[in-house]
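Below is one structure, written out as structure tokens; comments come after it.
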Amino acid sequence: MTSLAEIVATNLVHYNLWTAVEDVVLSSRTVLCGAPPPTSVIATDSSTVLSDQEYVLPLLVSEKLTLATLDGIFREIAERRAGVRPEKVIGGILNTDGTVVYYFIWDGVAKPRKN
Amino acid sequence: MPAKCVPISLLNNTPLVFDLSHVKQLRELGVCGVLGGTLPTAPQQNVFLGLPLQLMVEDAMWLLEQKHAYLVPGRRLYDCLAATLLRQDILAIQAAKQEMTDEKTRERQEASRKFKIKVVELNTLKISKSELCNRIKQLEAEYLGEFKTEDLDEIIQDNSAFYFNNYQSFAESFNTPEMQHSLYLQLLANRGTDLVSSYQIYRHLRDQGYYLAPGLRFGGKFVAYPGDPLRYHAHLIVDSVQNYAESDIGMMSLVTNGRLATGVKKCWVIGGTKNAENKAKGEAGDLKTVESNATEQDVVCFSVEWAGFG
């Protein structure tokens, strides 16, 4: 059986044209790290520049998500980046029909995009 | 308490403000509230609403914590108390007032007598006319300053702790720690234990300069504006969870709220406090509990928006 992280990684690479997608194994779960395609493909504005190292948190639509879980993931990623918490992770939510939807989850209070 | 403190009327456990100058004062503090008063003759019209201003419970809690306001029972209590006065009560009050008036009158006569003596003394000195005027003015301030106002009632009222000439003095008499505590419990009475985390998020955003308003129109607890709502669009739709470790944010709620927020050019903020749970157990209605919760670093929040792909 294919794991949640694998399905989301496949979706990222083949549907959303990400490159260099790798597993990042944390204590509680596996997250993904990769580079999104050039910003022209993605409907974000100039204020949200995606780096070439975006973290994607694979989630099942049926699973329970708490603040503690999210906080823990930011903390564990920070441990791998000299203690610097990433400013966001991208939640990749998988439905049973294979749909994956992506949501930015910013650490703290973020300003909305200007567009 | 400074006179600038705003009285918040508590009617049916709902915090309301009835005075326009107080409404202005609160707005300058970043508390906007919602106008809710309509016309008795046309209660159906709900487009142009006026006083009173209804506040959120969190608004009231914040104003109380910052010592910008105090709670007052509704005016109805004052009217009821006034209605239950017996004839002898009124006579007793009048007698007490008469006594105070007499005493003040005596004090004033005495002060005025001393003032006149001083003025006569001044007259014997050889000084210029303008100098004389100045000296008289000084003396007047010294001796008669307290009695400048013609209305003795006004002077007496300041010294009176026993009865209330008007609603304002009645309201102010509730500004004592004991009364405030019991009114505070009333304020919280209609709300569950979620209030603790909800208030923490409210204060967290207030501290960052956001103006908060009720969030129903965007499906959240609050909407947050980066300044006065008359000048800015809201930036955030705010929700809170009760328990940092246990409460499910809900994947569907993340998607629906995140998508709606992005659709209206906002972010969805979900927050909570690390130790809200044990504090909630320590009775959410306890003024001391909520106030000692001022540990800002306990607030954890995340902002969600649609990624723009997938």
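We did not get these values from a lab; they are worked out from the coordinates using the rules stated. Model, not experiment: these values are computed from the prediction. Note that each Cβ is placed from the backbone with ideal geometry, even for glycine, and that neighbours are counted across all protein chains shown.
Taking a ≥ b ≥ c as the square roots of the eigenvalues of the alpha-carbon gyration tensor, region B:1-86 is classed oblate because a/c is 1.5 or more while a/b is no larger than b/c. Across chain B, Cα-Cα distances exceeding 30 Å account for 52% of all pairs. Under a cut-off of 17 Å between alpha-carbon atoms, report the lysines in cross-link reach of residue B:104, not counting same-chain residues fewer than 8 places apart. Those lysines meeting the cut-off are B:114, B:148.
Within the listed set B:210, B:184, B:143, the Gaussian network model of chain B (springs between alpha-carbon atoms below 10 Å) gives the highest mean-square fluctuation for B:143. Working note: 222 nm ellipticity from helices only, DSSP H runs with n ≥ 4, each -39,500 (n - 2.57), summed and divided by the residues of chain B, gives -14500 deg cm²/dmol to the nearest 500.
Give me B:80, B:301 ranked fewest to most by other Cβ atoms within 10 Å of their Cβ, as a rough exposure proxy.
B:80, B:301
Above 17 Å, the calculated P(r) of region B:196-240 contains 22 percent of its Cα-Cα pairs.
Applying the criteria of a DSSP loop state and at most 15 other Cβ atoms within 10 Å to the trypsin sites (Lys or Arg not before Pro) of region B:4-103 yields B:4, B:67. Rounded to 0.05, the FRET efficiency of the residue B:46 and residue B:190 pair, given R0 = 25 Å and the Cβ-Cβ distance, is 0.65. Here residue B:140 and residue B:95 are evaluated by their C-beta separation; at R0 = 35 Å the FRET efficiency comes out at 0.60.
Is chain A rounded, prolate or oblate when judged by the Cα gyration tensor, a ≥ b ≥ c being the square roots of its eigenvalues, rounded requiring a/c under 1.5 and prolate requiring a/b larger than b/c? In terms of gyration-tensor shape, rounded.
The shape of the protein assembly as shown can be summarised by an equivalent ellipsoid whose semi-axes, obtained from the alpha carbon gyration tensor, come to 63, 25, 19 Å from longest to shortest. Remark: B:169, B:197, A:28 ranked as A:28, B:169, B:197, counting other beta-carbon atoms within 10 Å and listing the fewest first.
Using 18 Å as the Cα-Cα cut-off, could you pick out the over-long pairs in A:111/B:274; A:64/B:265; A:111/B:24; B:67/B:221; B:4/B:24; A:111/B:266? Distance filter (> 18 Å) returns A:111/B:274; A:64/B:265; A:111/B:24; B:67/B:221.
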